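Student: Can you keep this structure in mind? I'll have questions shortly.
The values are calculated or read from the model by the stated rules, or taken from the named source; none is laboratory data. From a predicted model like this one, the values you see are computed outputs, not experimental measurements. Note: ideal-geometry Cβ built from the backbone for every residue, glycine included; neighbour counts use all protein chains shown. Quick note on the areas: whole protein, heavy atoms, side chains included, nothing else; ligands and nucleic acids left out. Shrake-Rupley method; radii C 1.70, N 1.55, O 1.52, S 1.80 Å.
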Amino acid sequence: MGRSQQMIGPMSLVWTLGVALAAVAFMTGVLSLGAAIVRWTGSQLTMALYLPVSILVGMVAWMLVLAAAWQLRRNYLRRAGIAVSAVVAESDLRYKHRSGTLSYDLWQVRVEVQFPHPDSGADARVRKQYLYPQFREVKARALAERLSVGSSVPVVVHKNSALFDIPKRPVWTDIW
């Protein structure tokens, strides 16, 4: 059948570095906007709330930007890519305890699938990771059961990238 290829490669690294740099630039822009609002209003209350509100708004807005980027990418791959059926080779559900005052525990679903690449015919593997907050344990278990070893999952492939064709967004490092 040919050689096996991992579709987790340089684009993931480019995506991860790009997101980190874009996050810094985005938060800098949000803080600059907050500072402009403080100067415009001249209010002591605005000045006192500037930093915490700007950081909170920036974090929420950045998560929305990442969700929109994933949705755009998903739509593009569904249009330009080729749908194939993949078999789950590895599946793992873990409970991740996080300590700290603002932390909450997470359920992590890690899945690796194998399929023949539609262009080359070589065996390809793609790994994705999904996180759920502790109170979404039922959804995490349902996804892990749906993506258990040996089950079939639809994958959309375009060149060297692949996307599980399921509505759940993976963690930001696995979006690519």
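Student: Starting from the range 121-149, take each residue that is within 18 Å of A89 (Cα to Cα) and of a type outside the set (K, R) and list its partners that are in a helix (DSSP H, G or I) and open to solvent by less than 30 Å² (accessible area, probe 1.4 Å), counting only C-beta distances under 7 angstrom and pairs at least six apart or across chains.
Tutor: Sorted first by the residue in the range 121-149, then by its partner, the pairs are Y130/L143.
Student: Next question. So how many residues does the range 127-176 have that are at positive phi and modelled with pLDDT under 90? Full working, then the answer.
Tutor: The initial filter retains those residues of the range 127-176 that are at positive phi, namely 150, 159.
Cutting the leftovers down to modelled with pLDDT under 90 gives us 159.
Number of matching residues: 1.
Student: Let me ask you something else. Being at pLDDT 90 or above, closer than 24 Å to K168 by Cβ and of a type outside the set (G, A, S) is true for just one of M59, M27. Which residue is that?
Tutor: On the way: M27 fails: closer than 24 Å to K168 by Cβ.
Criteria check complete, one pass: M59.
Student: Being under 24 Å from Q134 (Cβ atoms), out of contact with any helix residue (DSSP H, G or I) (no Cβ under 8 Å at 6 or more places or on another chain) and either aliphatic (A, V, I, L, M) or modelled with pLDDT under 90 (or both), is that true of even one residue in the range 71-88?
Tutor: So in the range 71-88, the residues under 24 Å from Q134 (Cβ atoms) come out as none.
No - not one qualifying residue is present in the range 71-88.
Student: Continuing with this model, one more query. What is the residue count in the range 99-122 for residues that are modelled with pLDDT under 90 and acidic (D, E)?
Tutor: 2
Student: Sticking with this one: Take the residues of the range 49-99 that are out of contact with any Ser or Thr (no Cβ under 7 Å at 6 or more places or on another chain), part of a strand (DSSP E or B) and open to solvent by 60 Å² or more (accessible area, probe 1.4 Å): which is farthest from R141 (Cα to Cα)?
Tutor: Only one residue tops the list, namely I82.
Student: Condition check: outside any loop (DSSP other than H, G, I, E, B), more than 19 Å from F164 (Cβ to Cβ), at pLDDT below 90 and of a type outside the set (S, T, Y). Does L45 satisfy that?
Tutor: Answer is yes for this residue.
Student: Considering the range 103-153 alone, what residues qualify as being loosely packed, with under 14 Cβ neighbours inside 10 Å and part of a strand (DSSP E or B)?
Tutor: Those that are loosely packed, with under 14 Cβ neighbours inside 10 Å and part of a strand (DSSP E or B): P133, S152.
Student: With the checklist (1) of a type in the set (V, I, T); (2) assigned to a helix (DSSP H, G or I); (3) at pLDDT below 90; (4) surrounded by 15 or more Cβ atoms within 10 Å (Cβ to Cβ) in hand, flag the one item I8 doesn't pass.
Tutor: With (1) of a type in the set (V, I, T); (2) assigned to a helix (DSSP H, G or I); (3) at pLDDT below 90; (4) surrounded by 15 or more Cβ atoms within 10 Å (Cβ to Cβ) applied to I8, the lone miss is (2).
Student: Name the pairs whose Cβ atoms lie under 8 Å apart, with the first residue in the range 53-73 and on the phi > 0 side of the Ramachandran plot, the second open to solvent by 30 Å² or more (accessible area, probe 1.4 Å), and 6 or more positions between them or separate chains?
Tutor: Partner pairs satisfying both residue conditions: none exist.
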